[in-house]
Structures are given as C-alpha cells and as structure tokens.
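**Q** What follows is a structure written as structure tokens; I'll ask about it next.
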Amino acid sequence: MARIVIVSNRVPIPKARVPAAGGLTVALRDLLIPGAMWFGWSGRLSPEPSLQPALVEARGVTYATVDLSAEAHRAFYVGFANGALWPLLHFRLGLMHYRREDYLGYLGVNRFFAESLATVLQADDTVWAHDYHLLPLGRLLRQQGFSGPLGFFLHVPFVPPSMLEAMPVARELVADLCAYDVVGFQTEEHARDFRDCAQRLLGATVDGETVRLNGRQLRAFADPIGIDAEAFAEEAARSASDKLVHRVAGSLSGRALAVGVDRMDYSKGLPQRFEAYGRLLERHPDHRRHIHFMQICPRSREEVDEYRKLRAELDRLTGRINGRFSEFDWTPLRYSTRPAPRATLAGLYRIARIGVVTPLRDGMNLVAKEFVAAQPDDDPGVLVLSRFAGAAHELDAALIVNPFDPDAIADAMHVALTMPIEERRERQAALKAKVLRTTAAVYCQRFLDALRAPARRLQAA
Ligand code: ADQ
C-alpha cells in the first residue's frame, strides 16, 4: 500500500518528556502507522535553515523536520497563522490583524515546506496535510511536480462567505484549498460554509460534497475527529493510583469537583466561564463550600499579544472570585497553567462531577470527548458543553449552553450539581455510545478512504 505522509506545522519529537498539550498532536498520535512519514517544523529556529529535512526513525515512523528562520517563523506563525487566520476562523474579526508581509511570509514558509518535502517524497505517496498553517501547501506541492493523492484536514472551524470576505486574501485561500483532492472539516456546517465560499468567491460549481473548479474536482466533506475512547477510559480507571489524582481527591473532602481543561486561548471562553462560576456561587449560596472548580490551562502562543492579555485577565478574575468567596478552609477556584500528563488528566476527569467545556467557537474539542470517555458508568459526572464546539453536534445528550451567557452556564452547573443519578446515567450512556463510535481510528480511516477513492483524483469535471 502507498506510504502515508502526514504534514503538520509541528512534529512531536518522539520520546519528548514534556506532555503535548495541543489537540492536533494528541489526535495524530493515534493515526500513525508503521511505514508512515511525518513532516513539519522541528520547533527550532536557525539563521539559514537547510532545505534537506533531518530524518529520525521511531517505532517504524520516519519523522522529517526542517528548521525555520526567526523572521520566517514570526511572519508565518505569529503573524499570519495565529494573528490573522486563527481569529478569523474563530469568528473574531476584531482580533484579526492582517499585514501583507505576514501573508507573504506565510506563503514563503509553505513554499519552503513544499520544496523540502519534495526532496523526500516518492511518486506513489499519499500526502495528508493538517490545519490552517498549511492551506497553500497542496498547490505548492503540485508546482513541485507531485501528482499523488493530496488531502487536507482543517482542525478549526470554517466561516461563511460574508465573514471570510473580510480577509484580504480570501479568494487565494479558498483557491488554495481547492487544489487538494479531498478537504475534510470537523462538521457538516464547516464543510458547507467552505463549499459556499468556493461558489461565491470563485464561481465554483457545487454538487453535494463535490466542488468543481477550472476543470477539476475535489470532495469537501465532514469527518469529525475523535479519540481512542476505550484506551482513554481504561487509563482513567487505572489512574486512581496516580499520585496527583489521589492528592486532589483527598483535598476535596467530599466536595464536588468541576473541571475545565483548555489551552489558554481566547476561543475557549475562559473569562465567561470564570464569570459563570462566580454567578453560580452568588445565586446559589447553598453550593458554597460544596464545590471546587479546577481550571487547568497551559499557556500557549505567548508571542501573540492577545494571549498575554488573556492571561492577565484570568489572573485578575481568579483573584476576584477567590477574594470574594474564599473562606478560611475553602478556596473556590483552583487555577493552574501547567501541562499535565495524560494519565493525570484522565483521572481528574474521572473524579469530577462536572466537566465544563464552554468554548466560544471550537472546531471539535477533544476535552469534551475525553471527559465522557473517562466517566464511571455507575456514578457519572455531567458534561456542560458549548453549542459552538463541533463536539456539540454529536454530544447532544450533554447540557448544551450558549457560552456567551454566564448565567446560562451557571444554571447548567446548578442543574448538573443537582441532577438525579438516573438522569446522569442515561445521559452518560448516550454520550459514551457516541465517543466509542466516532474514534480517532474511524476518523483516520474515513479520510484515507476518501483520499484513495480513485474516482476523486484529478478528474476532469
Ligand atoms: P485544541 O484547540 O488544542 O485543538 P482540543 O481539541 O480541546 O483543543 O485539544 C486539546 C488537547 O490537549 C486535549 O487532548 C487535552 O487533553 C490536551 N490538553 C489540554 N490541556 C492540557 C494540559 N494542561 N496538559 C496536558 N494536556 C492538555 C485543535 C482545535 C480543536 C480540535 C483539535 C483536534 O482547536 O477544535 O478538537 O485541534 O482536531
């Protein structure tokens, strides 16, 4: 069978000691099969990066990485990918900072990736590129003469035409996506928005999931990402013996634990969530002293101004809530910015009474699925989930909330804290069935099947 070459911005260095916090890294770990190659940035900056990737073999997988110059990385990653594309694709036009030189830097790094990848590609490889950092990679790889199957998966949301048009290079970006054979999205809503953009901005013809443009066609479809739910459930059950989980459980003194786990990102709705918790304590004083909220949010992208501002705001809100409600023997909100080992996270989810997942907009949100997988069937916790997370399309047996409404989140937390056990079990059974069905393996297979379907490849329309 043809070799699979995965391409993503970051490549996890095998055996790295620090646990990976990014959803993409965590999800792709399940997708690697022996014989595969994973290509991307090494995470290192060097003044004159070599076009020839460094190759490392681990468990049958070849990791091929290139360095980037500091200037290229700034324009590509800090400037365009995270300063313009990320806010745009998360419906935050007010935070989108477009600068033409950043876009040119973004194109430059994609071209460098394509040229470098071309030096190690074989003619019958299947290439699967991931996420918003690499929208133009497919087109640029074709320019390098690669003619094998080319797929792309967008881990973050896509936006409707009226919003995408605010991006000065919207047409170029949609045309770039149209150069792939298969483009996958987390939900049907995002896939439809993309097809609408291709139609409205480029005049493409859309027929179901097929987009026809300039004599070729591609498939744009929904392929929701998942986790290895069984393995995660086992890990959660085992982790009762994890020292930290044990210590946390002991420190609760019988109080309910509400848990939030997110990269520190403005798309995750953290200030609104903190605000909601404050309202819960204010409006339902009977919950005071009977609940602990633990928010774990490792810092990310601190090179970008908005992320530094968010951190300061969360520090302030934590101080306000704890200052207002703390008692000598009770601190209502615990807040940590450290990454945690997966086993610890699994164990914390398992002992939690409520999982609070309230992003303002999220492609999928794997924490929601992990929380469900980790729950004990006999005495499960309750998931409070934003309607704007892709996961809400599947996990509709959760308590679905509007994340912009702190009172609604507070109400849902109150419902969760007082929910009878029969209802908790019923909801959990429905949720667990879903996460066991849409796993990482299913996601991967669906995408590869689409990519390898001969009828999809470079046909004349
Ligand atoms: P992210 O925005 O990073 O991913 P998410 O899907 O929630 O968001 O994934 C986060 C992952 O990191 C989870 O597996 C979680 O367990 C882990 N994690 C979070 N905090 C951690 C901590 N403190 N320590 C260790 N691990 C931690 C992007 C998109 C999402 C999409 C994923 C996958 O934004 O919408 O679901 O890609 O496609």
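**Q** Do we have PRO332 as open to solvent by less than 30 Å² (accessible area, probe 1.4 Å) and either more than 14 Å from the ligand (Cβ to nearest atom) or hydrophobic (A, V, I, L, M, F, W, C) (or both) here?
**A** On the way: open to solvent by less than 30 Å² (accessible area, probe 1.4 Å): yes; either more than 14 Å from the ligand (Cβ to nearest atom) or hydrophobic (A, V, I, L, M, F, W, C) (or both): yes.
Here the answer is yes, as PRO332 does meet what is asked.
**Q** A follow-up question, please. Can you confirm whether region 251-270 contains a residue that is buried (at least 20 other Cβ atoms within 10 Å of the Cβ), away from the ligand (no atom under 16 Å from the Cβ), assigned to a loop (DSSP other than H, G, I, E, B) and at pLDDT 95 or above?
**A** no
**Q** So, one more: List the helices (runs of 4 or more DSSP H) inside region 72-155, counting only whole elements, that have at least 3 residues being closer than 30 Å to PHE404 by Cβ and out of contact with any strand residue (DSSP E or B) (no Cβ under 7 Å at 6 or more places or on another chain). Full working, then the answer.
**A** On the way: elements: 86-89, 100-118, 137-143.
Qualifying helices (runs of 4 or more DSSP H): 86-89.
**Q** Within region 298-310, is even one residue more than 25 Å from ARG10 (Cα to Cα) and either open to solvent by 20 Å² or more (accessible area, probe 1.4 Å) or within 15 Å of the ligand (Cβ to nearest atom) (or both)? Steps first, please.
**A** Quick first cut of region 298-310, residues more than 25 Å from ARG10 (Cα to Cα) only: none.
There is no residue in region 298-310 that is more than 25 Å from ARG10 (Cα to Cα) and either open to solvent by 20 Å² or more (accessible area, probe 1.4 Å) or within 15 Å of the ligand (Cβ to nearest atom) (or both).
**Q** In this structure, does VAL206 turn out to be among the β-branched types (Val, Ile, Thr) and either crowded, with 20+ Cβ neighbours inside 10 Å or assigned to a helix (DSSP H, G or I) (or both)? Break it down stepwise before answering.
**A** Numbers: among the β-branched types (Val, Ile, Thr): yes; either crowded, with 20+ Cβ neighbours inside 10 Å or assigned to a helix (DSSP H, G or I) (or both): no.
Criteria not met by VAL206.
**Q** Could you count how many residues in region 341-363 are farther than 15 Å from LEU383 by Cα, near the ligand (Cβ under 8 Å from one of its atoms), within 14 Å of the chain's Cα centre (by Cα) and in a loop (DSSP other than H, G, I, E, B)?
**A** Counting residues in region 341-363 that are farther than 15 Å from LEU383 by Cα, near the ligand (Cβ under 8 Å from one of its atoms), within 14 Å of the chain's Cα centre (by Cα) and in a loop (DSSP other than H, G, I, E, B) gives 1.
**Q** Something else now. Take region 141-156 and flag every residue that is within 16 Å of the ligand (Cβ to nearest atom) and in contact (Cβ under 8 Å) with a residue 40 or more places away in the chain.
**A** Taking region 141-156 first, the residues within 16 Å of the ligand (Cβ to nearest atom) are 151-156.
GLY151, PHE153, LEU154, HIS155, VAL156 - these are the residues of region 141-156 that are within 16 Å of the ligand (Cβ to nearest atom) and in contact (Cβ under 8 Å) with a residue 40 or more places away in the chain.
**Q** Now, a different point. If a residue has to be open to solvent by less than 20 Å² (accessible area, probe 1.4 Å), over 18 Å from ASP223 (Cα atoms) and out of contact with any Pro (no Cβ under 6 Å at 6 or more places or on another chain) to count, how many in region 190-203 make the cut?
**A** Matching residues across region 190-203 total 2.
**Q** Considering only residues that are more than 17 Å from THR126 (Cβ to Cβ), in a strand (DSSP E or B) and out of contact with any helix residue (DSSP H, G or I) (no Cβ under 9 Å at 6 or more places or on another chain), which ones fall in region 33-66?
**A** SER42, GLY43, ARG44, ALA54, LEU55, VAL56, GLU57, ALA58, TYR63, THR65
**Q** What about ALA392, is it more than 9 Å from the ligand (Cβ to nearest atom) and open to solvent by 20 Å² or more (accessible area, probe 1.4 Å)? Full working, then the answer.
**A** Working: more than 9 Å from the ligand (Cβ to nearest atom): yes; open to solvent by 20 Å² or more (accessible area, probe 1.4 Å): no.
Answer is no for this residue.
**Q** If you don't mind, there's one more thing I want to ask. So ALA229 ticks every box in (1) within 13 Å of the ligand (Cβ to nearest atom); (2) hydrophobic (A, V, I, L, M, F, W, C); (3) over 30 Å from ASP449 (Cα atoms) but one. Which box is left unticked?
**A** All conditions pass for ALA229, except number (3).
**Q** Among the numbered conditions (1) under 28 Å from the mean Cα position of the chain (by Cα); (2) under 19 Å from LEU383 (Cβ atoms); (3) of a type outside the set (A, V, I, L, M, F, W, C); (4) open to solvent by 70 Å² or more (accessible area, probe 1.4 Å), tell me where ARG424 comes up short.
**A** It fails just one condition, (4).
**Q** Among the residues of region 290-314, which ones are modelled with pLDDT of 95 or more and over 22 Å from ASP405 (Cβ atoms)?
**A** HIS290, HIS292, MET294, ILE296
**Q** Ok, one more. Could you please let me know if VAL159 is under 19 Å from ASN214 (Cβ atoms) and either touching a residue at least 60 places away in the same chain (Cβ under 8 Å) or within 16 Å of the ligand (Cβ to nearest atom) (or both)? Can you show your working first?
**A** Details: under 19 Å from ASN214 (Cβ atoms): no; either touching a residue at least 60 places away in the same chain (Cβ under 8 Å) or within 16 Å of the ligand (Cβ to nearest atom) (or both): yes.
So VAL159 fails the test.
**Q** Which of the residues spanning region 132-170 are closer than 19 Å to MET37 by Cα and crowded, with 23+ Cβ neighbours inside 10 Å?
**A** Scanning region 132-170 gives HIS133, LEU134, LEU137, GLY138, LEU141, PRO149, LEU150, GLY151, PHE152, PHE153.
**Q** Being within 25 Å of the chain's Cα centre (by Cα), of a type in the set (Lys, Arg) and more than 16 Å from the ligand (Cβ to nearest atom) is true for just one of ARG92, ARG111, ARG100. Which residue is that?
**A** Values: ARG92 fails: more than 16 Å from the ligand (Cβ to nearest atom); ARG100 fails: within 25 Å of the chain's Cα centre (by Cα).
Being within 25 Å of the chain's Cα centre (by Cα), of a type in the set (Lys, Arg) and more than 16 Å from the ligand (Cβ to nearest atom) holds for just one of ARG92, ARG111, ARG100, which is ARG111.
**Q** Further, regarding this structure: Given the conditions (1) open to solvent by 50 Å² or more (accessible area, probe 1.4 Å); (2) in contact with a strand residue (DSSP E or B) (Cβ under 6 Å, 6 or more places away or on another chain), which single one is not true for GLN217?
**A** Looking at each condition in turn, GLN217 falls short on (1).
**Q** Additional query: From the list LEU32, LEU85, which one is within 16 Å of the ligand (Cβ to nearest atom) and modelled with pLDDT of 95 or more?
**A** On the way: LEU32 fails: modelled with pLDDT of 95 or more.
None of the other options fit; the residue is LEU85.
**Q** Of all residues in region 171-214, which are of a type in the set (Asp, Glu) and under 25 Å from ALA114 (Cβ atoms)?
**A** Within region 171-214, the first condition is being of a type in the set (Asp, Glu), and the residues that meet it are 172, 176, 181, 188-189, 193, 196, 207, 209.
Hits for region 171-214 are GLU172, ASP176, ASP181.
The values are calculated or read from the model by the stated rules, or taken from the named source; none is laboratory data. In this text, all values refer to a predicted model and were calculated from it rather than measured experimentally. Here Cβ is always computed from backbone atoms with ideal geometry, including for glycine, and neighbour counts include all displayed protein chains. Heads up: the accessible areas ignore ligands, DNA and RNA and are worked out on the full protein's heavy atoms, side chains in. Shrake-Rupley method; radii C 1.70, N 1.55, O 1.52, S 1.80 Å.
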